[in-house]
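The values are calculated or read from the model by the stated rules, or taken from the named source; none is laboratory data. Keep in mind the model is a prediction, meaning the values are calculated, not measured. Ideal geometry is used to build each Cβ from the backbone, glycine not excepted, and the neighbour counts take in all protein chains shown.
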Amino acid sequence: MEINTPQTIAAAIPSTAEMTRREVESARPVATVDRIRTIDMIRGVALLGILLMNIPGFGISWTAFDAVRRGPHNTADYYTDEVIAVFFEGTMRGLFSVGSGVVGLVQASVLR
């Protein structure tokens with residue numbers, strides 16, 4: 001069984017000097033016709049969702065979040081926080097990750 005060390009992994013990655021001229025010239029953004037609009041839209045929605053989920057954290061101190069979570073559990077603030085935690089927290093990151101993985105797979109299949 002071969003154990004991969006950082007040195008063996010780095011040795012497998014070609015340096016810029018080893019890249020062919022064709023590989024260097026082909027490193028540019030994908031043409032608009034070659035993009036998959038559905039994946040672009042899903043990734044855009046995921047990024048917007050990540051932003052929207054983080055907006056409260058940008059403007060509210062952590063003590064306010066702590067007060068909602070440790071305070072009375074029969075308030076609208078607590079129920080809203082729990083619904084967000086159960087249904088929305090992390091889903092946009094997962095959606096963005098899956099979208100990025102699909103893009104990587106599509107690009108790898110095109111290169112073959």
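Among residues of the range 43-65 that are in contact (Cβ under 8 Å) with a residue 12 or more places away in the chain, those with a Cβ under 8 angstrom from a residue that is outside any helix (DSSP H, G or I) and surrounded by 11 or more Cβ atoms within 10 Å (Cβ to Cβ), sequence gap 6+ or separate chain, pair up as 53/89. Screening residue 63 against (1) surrounded by 10 or more Cβ atoms within 10 Å (Cβ to Cβ); (2) in a helix (DSSP H, G or I) leaves a single unmet condition, (1). Taking the conditions exactly as written (β-branched (Val, Ile, Thr), at pLDDT 65 or above, under 22 Å from the mean Cα position of the chain (by Cα) and more than 30 Å from residue 79 (Cα to Cα)), does residue 36 satisfy them or not? Yes, satisfied.
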